[in-house]
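Single-structure report; data block below.
The values are calculated or read from the model by the stated rules, or taken from the named source; none is laboratory data. Fair warning: this is a prediction, and the values are worked out from it, not measured in the lab. Cβ coordinates were reconstructed from backbone atoms using ideal geometry, including for glycine residues, and neighbour counts include every protein chain displayed. Note: areas computed on protein heavy atoms with side chains; ligands, DNA, RNA excluded. Shrake-Rupley method; radii C 1.70, N 1.55, O 1.52, S 1.80 Å.
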Amino acid sequence: MTSVEPAGTRLDRQQRLLAIGLVLGVTMVAFEITAVITALPTITDELHGDSLYGVALACYTLANLVALVVTGELTDRYGPAKPYLASLGVFALGLVIAATAPTMAVVVVGRTLQGAGTGGLAPIAYVLVKRAFPPDRQPSMYAYLSAGWVLPSLIAPAIAGSITDQLGWRWVFWLLLPLIPVVAFITVRPMRAYAATGEGEVRIARIRAAVFAAAGIGIFVTALQFADTLAIIVGAVVGASLAVPSLRRLLPTGFHRAARGLPAVVLCRILATAAFLGADSFIPLAADRIHGVSPTVQGFVIIGASLSWTTGQWLISRHPGIDPRRAVRWGFTIMALGLTLSVPVLRAGWPLWATFFSWAIGGFGMGLLFNPTTVTAMSHADEGAEGLVSSQVNLADAIGFSLMGGIGGALVAVADRTSLSLPAALGINFTLAITLALAGTICARRIAAR
């Protein structure tokens with residue numbers, strides 16, 4: 001089947017339907033991620049799984065990491081429809097397992113499958129934007145995909161908190177299931193018109209490298225939670241020895257030194273997602289353990305960042321001619337400011353409404369830099385190889401999320417079993433996030449579109 005080339009800037013019915021389906025898919029994933037982060041402190045409380053809090057965050061993104069690479073390869077070779085359907089099926093299975101979990105360990109299994117399922121959706125969406133839409137419509141389509149986070153970010157924390165309070169956390173997973181067949185019905189049929197030619201090759205070496213990278217990162221962040229110092233050192237060394245060479249095969253050459261162009265863009269995304277998660281996934285935990293508020297309030301505290309992220313994206317989309325280096329540099333600077341102003345949430349007497357506004361500043365910075373990095377990265381994708389670049393961009397997000405989630409979770413676990421207080425552990429996490437954001441302001445100078 002040959003690919004359909006969009007003509008002009010006016011979208012036909014098939015393209016409009018595809019756009020609606022892709023945005024709806026992103027919205028579904030956003031609901032899942034935002035709702036589960038809100039409910040996770042309660043889940044760990046009821047299942048006595050504090051030691052697995054970070055694992056539940058990291059396993060999702062590690063499975064995401066492998067799925068990103070696998071889906072990118074399959075999409076370039078076979079087209080997007082079949083990988084997309086398979087991803088939805090795995091995601092559904094993960095929701096069912098988590099909803100029926102008797103222990104925190106089983107929740108982790110469900111979260112792993114959810115990560116594998118959602119990991120296949122993002123790269124396919126990026127590929128289809130590049131293949132199916134006119135060049136002058138692509139930046140706005142990337143913005144629409146990101147805008148799929150708006151409604152979930154605004155209402156999912158409150159809904160998830162209310163569901164957790166009134167019905168129980170298991171319903172946070174159950175109520176997402178009906179969305180899956182709706183997304184499949186709208187999206188898959190128009191996808192088939194943009195199938196690949198079948199001339200590409202599935203690079204098994206990249207898939208193998210993704211598995212080793214995920215295993216290495218998993219071993220590394222798990223080792224950080226060990227009580228024995230020697231076990232920490234051995235586990236960290238083994239994990240790094242697996243992850244580092246594998247990531248160098250998966251990511252653009254020179255990403256680790258921010259080589260000019262695509263490598264620097266990818267490194268900026270790693271720094272951005274890691275810095276953002278350093279606050280966004282742990283502010284609800286601080287609200288729960290330090291301030292003792294309900295799940296509804298825990299979710300509400302981070303809504304401001306979601307709204308301001310969208311505001312930042314809307315603002316930057318209004319100025320398409322802006323130098324991406326400038327936009328990304330300002331985004332990192334503002335995010336660092338928001339992180340710094342949010343540190344007082346670690347004090348029991350600090351008003352949470354102040355954290356709502358301070359972290360909204362960080363979200364605004366993320367909004368300013370996110371779309372410019374996406375558009376700049378995809379400008380480096382050759383025709384027929386969009387899956388490779390899209391998987392690299394989303395892989396960068398997965399790396400940032402999994403590393404910071406694992407490190408932050410390890411600090412929480414250490415605080416749980418040692419004399420280190422939880423505020424001190426989260427303070428270390430915030431400090432690391434601020435450092436990464438400041439490093440991003442330097443890395444931003446090296447990005448460039450093709």
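Measure out, as a whole number of angstrom, how far apart the alpha-carbon centroids of the stretch 241-301 and the stretch 311-390 sit. Using only Cα atoms to place each centre, the spacing works out to 12 Å.
If you build a Gaussian network model of the chain, linking Cα atoms that sit under 10 Å apart, which residue out of 424, 433, 30 swings the most? Most flexible of the set in this elastic network: 424.
Using a 1.4 angstrom probe on the protein heavy atoms only, line up 50, 323 by accessible area, largest first. Working shown, then result.
Values: 50 40, 323 60 Å².
I get 323, 50, largest accessible area first.
Going by the alpha-carbon gyration tensor, a ≥ b ≥ c the square roots of its eigenvalues, is the chain rounded (a/c under 1.5) or, if a/c is not under 1.5, prolate (a/b greater than b/c) versus oblate? The shape class here is rounded.
With a/c under 1.5 counting as rounded, go ahead and sort the stretch 214-275 into rounded, prolate or oblate using the C-alpha gyration tensor (a ≥ b ≥ c being the square roots of the eigenvalues; past the cut-off, prolate if a/b is larger than b/c, else oblate). Walk me through the intermediate numbers first.
On the way: a/c = 3.29, a/b = 2.17, b/c = 1.52.
Note, shape of the stretch 214-275 comes out prolate.
How big is the gap, in Å, between the Cα center of the stretch 123-189 and the Cα center of the stretch 406-450? When both Cα centres are located, 27 Å separates them.
How much net charge surrounds residue 270 when only the other residues with a Cβ under 14 Å from the Cβ of residue 270 are counted, with Lys and Arg +1 and Asp and Glu -1?
Around residue 270, the charge tally is +3.
For residue 418 and residue 228, the FRET efficiency from 1/(1 + (r/R0)^6), where r spans their Cβ atoms and R0 equals 22 Å, is about 0.95. Sparse packing (at most 16 other Cβ atoms within 10 Å of the Cβ) combined with a DSSP loop state is found for the following trypsin sites (Lys or Arg not before Pro) in the stretch 225-267: 260. With a simple spin-label model that places each label point 7 Å from the Cα along the Cα-to-Cβ direction, the separation between residue 162 and residue 445 comes to 5.0 nm.
Projecting the Cα positions of 216, 366, 354 onto the charge dipole of the chain (unit charges on Cβ atoms of Lys, Arg, Asp and Glu, taken about the Cα centre) puts 366 furthest along the positive direction. Helix 179-191 axis versus longest C-alpha principal axis of the chain: approximately 20°, rounded to the nearest ten.
With the whole protein complex present, residue 130 retains an accessible surface near 50 Å², based on a 1.4 Å probe.
When a/c reaches 1.5 or more, the comparison of a/b and b/c decides; with that in mind, is the stretch 70-218 rounded, prolate or oblate per its Cα gyration tensor? Since a/c reaches 1.5 but b/c is at least a/b, the shape of the stretch 70-218 is classed as oblate.
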